[in-house]
1. What number of residues within segment 112-140 are more than 21 Å from Ala82 (Cα to Cα) and surrounded by fewer than 19 Cβ atoms within 10 Å (Cβ to Cβ)?
2. With the requirement that a residue be in a helix (DSSP H, G or I) and surrounded by 23 or more Cβ atoms within 10 Å (Cβ to Cβ), what does segment 295-331 give you?
3. Might you let me know whether segment 46-57 holds any residue that is touching a Ser or Thr at 6+ places or on another chain (Cβ under 6 Å), surrounded by fewer than 24 Cβ atoms within 10 Å (Cβ to Cβ), in contact (Cβ under 8 Å) with a residue 60 or more places away in the chain and over 29 Å from Tyr230 (Cβ atoms)?
4. Just checking, does segment 328-345 include any residue being within 14 Å of the chain's Cα centre (by Cα) and either without any contact (Cβ under 8 Å) to a residue 12 or more places away in the chain or closer than 19 Å to Asp189 by Cα (or both)?
5. Counting only residues that are farther than 30 Å from Tyr354 by Cα, give me the helices (runs of 4 or more DSSP H) lying completely in segment 174-291 with at least 3 of them.
6. With Leu65, Leu73 as the choices, which residue is within 22 Å of Thr210 (Cα to Cα) and touching a residue at least 12 places away in the same chain (Cβ under 8 Å)?
7. Filter segment 177-194 down to residues that are out of contact with any helix residue (DSSP H, G or I) (no Cβ under 8 Å at 6 or more places or on another chain) and modelled with pLDDT under 95, then give me how many there are.
8. Which of the following residues is touching a residue at least 24 places away in the same chain (Cβ under 8 Å) and either more than 20 Å from the chain's Cα centre (by Cα) or not assigned by TED's automatic domain parsing to the domain that holds Val26 (or both): Arg223, Arg251?
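The values are calculated or read from the model by the stated rules, or taken from the named source; none is laboratory data. Here the structure is a predicted model, which means the values were calculated and not measured. Using ideal geometry, Cβ is built from the backbone for each residue, glycine included, and neighbour counts are taken over all protein chains shown.
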Amino acid sequence: MKNRVDRRAGTWGKAVVVGGGYAGLVTARVLADYFSEVVILEQGLVDERTGAHPHAPQGYHVHALLAKGGEILERLFPGLRAELQGIGAPVFDYGERIRFLLPTGFAPSIRTGIEIQALTRDELERRLRGKVLALPEVTLLSSTRCEGLRTNSSGNVDRVLCRMEGAEEPTEIEADLVVNTSGRSSALDDWLTDLGLSVPDKRVVKAKITYTSMTFDQPDKSRPDFDLAYQMTFAPHIPRGGVILAVERSRWMCSLIGFEEHMPPTEDAAYLGFAKSLKNGHLAEQIEARTNQGRTHRYTNINNQWCLYHKMKDWPDRLVALGDAVCVSNPVYGQGLTVAALEADLLHRTLAKYAARKDDLDGLIRAYQRAVARILLTPWTLSSNSDLMWNPHHQPITARIAHWYNKHLFEVSVRDARVWSRFVRVANMVAPPTVLFHPAVVAKVIRQALFRRT
């Protein structure tokens, strides 16, 4: 593969990636720049033509590459954006070709300079898997389940215990670095416990949200003036929402969203009826005109979950965890792909520093896991605070304050394009949340709150 960033393959020996989904693929691409051999252990039956990971239920629902995630993937896989665009995955400005219904009205239709790409998870993973498995350093062991970790006399992880399908006995694979990207069903806690280590309790916030999604061909008539239409849910009075976006090969992908008993149905007529109950009429309009639709999928009981590995004082060296194996957030905010890309990019930069100093890998991991926690803090706070507001019996003061601020921020945003542009930058993870607390923005929010009281 040409035009790689910081190419230093062979700095270290062998890395093992547990999990061959999106996070595992992006991580393997990073590791191939620094290790002579990268082995991906994948429990499912996959090859270079496989699309969405067979054990990832979110793979059938709406995805978009936020600006920051797209930037990182383009750096790791030069030409990826154009390649996807060539088969119809649109790239568009977040303000110009988006019809975003906030709880307070439609967001301004303006140019923000923030571009995103809409596509299916299936197509993205297929492209990434083909590119990663074509790297000479990478080997895929499909239908192979990881069953545990082994350490050396120094307490460093140096082997992975795995079992290939049909094998009577497990096999040990030696590794200089092990990266766990095996998703929300990861057994890492059990593996760490088996090593005699104490694992902190997880943070869990129940979302009680259901997604029901379908993909269908766009009508032959002229295309509408948007690539994405969205109605967000907002506690406590907007329990229904949805998003529809243009994806590759002239199709729409639509995910309808509902809180608790507002579960979007899977039956066609009822699905359309749910869409018609939304105030953003763009979704129902496209669903009603649908042709040649695919299977409808439902994804429910989605909890926010954060494994606090950065707090472990005895975290073993030579072991990394990232992606959904560390933190899963309500996908309504669309940050999962970008967060995993940020974590992989952080690993790339961390390895580059050690390679430049010609250091071994000892001591690298604990600092890395703490840095992962800093990446996760913002998306976790956004998702968990919003979901906590659905529970009238448990609303921490921090969540109530954030919810109050967001409500009035949205009221300002529908009239003030500059404030909306700031929100867009934060939502796309190209700017920190602090830009929404600039004194000028805070003043507008407070004036709006006072105006509503008078």
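1. Summing the residues that are more than 21 Å from Ala82 (Cα to Cα) and surrounded by fewer than 19 Cβ atoms within 10 Å (Cβ to Cβ) in segment 112-140 gives 2.
2. Tyr309, Gly323, Asp324, Ala325
3. Yes, segment 46-57 has at least one match.
4. yes
5. So the answer is 268-276, 281-288.
6. From the options Leu65, Leu73, the qualifying one is Leu65.
7. Total meeting the criteria: 1.
8. So the residue among Arg223, Arg251 that is touching a residue at least 24 places away in the same chain (Cβ under 8 Å) and either more than 20 Å from the chain's Cα centre (by Cα) or not assigned by TED's automatic domain parsing to the domain that holds Val26 (or both) is Arg251.
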